[in-house]
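Have a look at the structure below before the remarks.
A short reminder: the numbers here are calculations on the coordinates, not readings from a lab. Predicted model, so just to flag it, every value in this text is computed and none were measured. As a convention, Cβ positions derive from the backbone with ideal geometry for all residues, glycine included, and neighbour counts pool all protein chains shown.
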Amino acid sequence: MEITSPGGDLEKVKYAILYGADAVYCGYQEFGLRATAGNLDKNELLEAISFAHAQEAKLYLTLNAYLKNRDYPLLAAFVDWLADTAIDAVIVADPGVFDLVQSRTSIPIHISTQSNITSMAAARFWYERGAKRIIPARELSFQEILEIKAALPSLELECFIHGAMCVAYSGRCLLSAYLNDRSANSGACTQACRWDWALTQKERPDQYFPISEDQYGSYILSSKDLCLLEKMPQLTQAQIHAGKIEGRMKSIYYVAQTSRLYKAASQAAADDTALWELLHKEIYKVSHRPYWQGFYAFAETPAGIVAQDSAPAYYSESQFCGKVIAHEKDRLIFDALTKVSVGDELELIFPDITQDLSLKVDRIYDLDDNSVSDTKPNFRYFIPAAEIDTEGVLIRKCVSS
């Protein structure tokens, strides 16, 4: 199975690929559904394509916003430019965008989950018009996905396997547009569903009645996060072409960690108990809301409700601390992204999960070789350490969940 990972910016594209992604989906500065994801400009897009291909990976571009009349002249000019690149596919939702791309290029087209493909008939509609791949609605059960595959064996299916879900049907929501004049369908969602909501009663307009509340608030519209890690053998056996990880707005650590875990899971033997135990433990070391298995309704795990119980918006059993830059003269050079202190137990994580290392911080030095007790975010430091291969290595420390 192809592991398709998010690339919110050029750095995330590279980390996803270094950590095992077979393909990465990313956005241009226009026409996508993540307007604030740090999307790529043309030069960065060309660099991302070259980097992916050098690593024998693929790069897909999201053109999945629903566009208006005023958007099409700019889109046409961009698509003409894109036609001369080596992009592996574009992901679209709007039939008008599909028609424009198809009429002006030979770029393979994938149909976004935003198109709400919920049946064999809808899948066949896109297949007969030339779509290479569909990303079905996330509301389908596993059995319904298998029925589409059986009916259209030449059509590639890419199914979500991890990440944030949406209380609206396949993400087609008007809450943000109504409350904040920022449309989710144009890439500007303000995630109003994640707010702390309560009920009011007509005769008591100033009184608020929580549905279910603890010290964190009420989350009656906030969905749980999808996690199908333990179902990867079943998905692989069913020959689903690609598993998609959500998260273009998330950190490079999230992208790296989920990419390597799902890549390992896609290749792991079902009876490799030690590896599966490690993978299960590691999936809780990335920031997430409560996990569930979505609408897949596997026989032993029927679909649950989408709304999470009252809980922190996110939690994790680790904290992302920084990026390793190099190893010189018995010292590890890293960019700190949060506080690291003398005495901390750190973990160095690698693309191959079996190579992860623990490191006790005995001393920290700044760039002027001054000894310090703590790091400050966004500064570079040195730590004494044995030599390692530093490409793509990230630093974290474990915290209580």
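Numbers for the structure displayed
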read-out: Listed residue pairs exceeding 20 Å between alpha carbons, taken from Lys132/Lys244; Lys224/Lys244; Lys58/Lys263; Lys68/Lys250; Lys12/Lys250; value: Lys68/Lys250
read-out: Phi to ³J(HN,Hα) by Karplus 6.51 cos²θ - 1.76 cosθ + 1.60 over the range 329-344, Hz, x for Gly, Pro; value: 6, 6, 10, 8, 9, 9, 8, 7, 10, 7, 6, 10, 10, 4, x, 5
read-out: Net lengthening on full extension, Ser103/Gln355 (0.36 nm per residue, minus Cα-Cα); value: 85.9 nm
read-out: Nearby aspartates and glutamates by direct alpha-carbon distance to Lys329 (threshold 19 angstrom, same-chain neighbours under 8 apart not counted); value: Asp362, Asp366, Asp368, Asp369, Glu387, Asp389, Glu391
read-out: Computed FRET value (nearest 0.05) for Thr273 with Phe379, which takes r as the C-beta separation and R₀ as 45 Å; value: 0.60
read-out: FRET efficiency estimate (nearest 0.05) - Cβ-Cβ, Ser371 to Glu128, R0 60 angstrom; value: 0.30
read-out: Cβ-placed point charges (K, R +1; D, E -1), dipole of the range 318-398 about Cα centre in debye, nearest 20; value: 300 debye
read-out: Å³ per residue enclosed by the Cα convex hull of the range 318-398; value: 80 Å³
read-out: Paramagnetic label zone (point 7 Å from Cα along Cα-to-C-beta, Asp335; backbone N under 12 Å) in the range 343-376; value: none
read-out: Nonlocal amide H pairs with Ile240, under 5 Å, H built at 1.01 Å; value: none
